[in-house]
Amino acid sequence: MNSAVERAITCIWERYSEPLSLTDIARSAILSRFHFTRLFKDATGVPPGRFLSAVRIYEAKRMLVTTPMKVTDISFAVGFNSLGSFTNHFTDSVGISPSRFRSMSRNESFDSPDRRPRSYQSDVMVGGVAGAVTLPTGYAGARLYVGAFDTPIVQRRPVSAVVASIGSHGKPCRFRLPAVPDGEWFIHAVAVADTADPEPWTSRVLLIGRGVVGVEVGTGTCAEIVLRPRRATDLPILFALPELEPELDGFAQPEAVPAAESAPAPAIS
């Protein structure tokens, strides 16, 4: 990773609670604003301001789950100037309000009151996306979430999603996302994987992957995704993903099982 971008990302994670400006972040990278913005977007896929916003929402999720702080106090602690702005941004990014997110995490109940896709409209022309997700070497299996999002960040409710399991046989996990409207979509894959550790226990790792597809009604669209460990340049996961911990019988299923014809119920990521 470019050292200037690395310095900027470190600055964002360390100072997200402050009123950081683009000038402040560029200064941490020791670059001019114009050159820094182009370099940062090339490395991460988003402008510095959007990366900062994602970090703030991610940290708010953590505080809601791990602290007794009031929602208002959390909103100011992560750098927002008003509770209303924070609540709107959090709800749009995570898929549920801050108070509901906290309640669901405490009750271990992540059923959504609305299982229809965020942008679903009955009169929208839709197609579908099929594809495969492959584990990198060194992993014994994984529980997987694949969704079609309208942003390079894993945020907002996807228009279609499935939950699947990948076994240790080395074969890709094939999936199908129905009811995806015309247009360009980011196909995000997030997995909780077990390493192929020879010891009688395993180490669980978060893996991610992404593809970009254009969907047209009446034509097949394919997305081939290879999972990998997260990097410093990857944005945090904001959407409240469903539970991806392994089932009691392990990760033996080779095929994706649709969670629903629309997005599955959200849960803490």
Distance between modelled label sites at residue 217 and residue 62, nm, 7 Å Cα→Cβ extension: 4.5 nm
Amide hydrogen neighbours beyond the local backbone of residue 226, cut-off 5 Å, H modeled: 134, 210
Gain in span if fully extended, residue 88 to residue 224, counting 0.36 nm per residue against the direct Cα distance: 45.6 nm
Net lengthening on full extension, residue 17/residue 140 (0.36 nm per residue, minus Cα-Cα): 40.4 nm
Signed unit charges on C-beta, dipole axis of the stretch 3-107, positive-most listed residue 9, 58, 34: 58
Residue-by-residue Karplus 3J(HN,Hα) for the stretch 71-88, coefficients 6.51, -1.76, 1.60, Hz, glycine and proline x: 4, 4, 5, 5, 4, 6, 5, 9, x, 8, 8, 8, 5, x, 4, 4, 4, 4
Cα→Cβ-extended label distance, 7 Å offset, between residue 197 and residue 97, nm: 4.1 nm
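Every number here is computed from the coordinates shown, using simple stated rules; none is lab data. Owing to the predicted nature of the structure, the values given are computational and were not obtained by experimental measurement. So basically every Cβ, Gly included, is an ideal-geometry build from the backbone, and we count neighbours across all protein chains shown.
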